[in-house]
């Protein structure tokens, strides 16, 4: 893994592997901001040309909607991760065939704080992520 720093943005070059550890691709993801919390790095956003991702409303009080723009049919898993890196819940694992889904996410049972909405491809690679701020 290589990290390139500049004044305005950070780029993370990831060597992607399939489940049997064969190299699949060398992808470049733009990360808009990085926050340091308790000496660990918390990624706030990962953008990828293959998927568009919006969260509204953000911050969320009772719920939010995740809107995805998919360029090709694909199987996705969407997880909600807390600031400690723990998967709080898997929102869904589903095949999408050409539609751009809007996914309702219930947040009323979550403590206030920052969460990462992470989108995984069927291979297990992270293809997009956005920070969700839950308020009370």
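The values are calculated or read from the model by the stated rules, or taken from the named source; none is laboratory data. Everything quoted here is computed from the prediction, not taken from an experiment. Here the Cβ is made from the backbone with ideal geometry for all residues, glycine too, and neighbour counts use every protein chain on show.
Table: residues versus (1) surrounded by 19 or more Cβ atoms within 10 Å (Cβ to Cβ); (2) in contact with a helix residue (DSSP H, G or I) (Cβ under 9 Å, 6 or more places away or on another chain); (3) more than 13 Å from residue 59 (Cβ to Cβ).
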{"site": "96", "(1), (2), (3)": "no, no, yes"}
{"site": "119", "(1), (2), (3)": "yes, no, yes"}
{"site": "129", "(1), (2), (3)": "yes, no, yes"}
{"site": "134", "(1), (2), (3)": "yes, no, no"}
I need the full set of residues from region 57-75 which are in contact (Cβ under 8 Å) with a residue 60 or more places away in the chain, closer than 16 Å to residue 90 by Cα and surrounded by fewer than 19 Cβ atoms within 10 Å (Cβ to Cβ), in order please.
none
For region 51-101, which strands (runs of 3 or more DSSP E) that fit wholly inside it have 2 or more residues that are modelled with pLDDT of 95 or more?
63-70, 74-82, 87-96
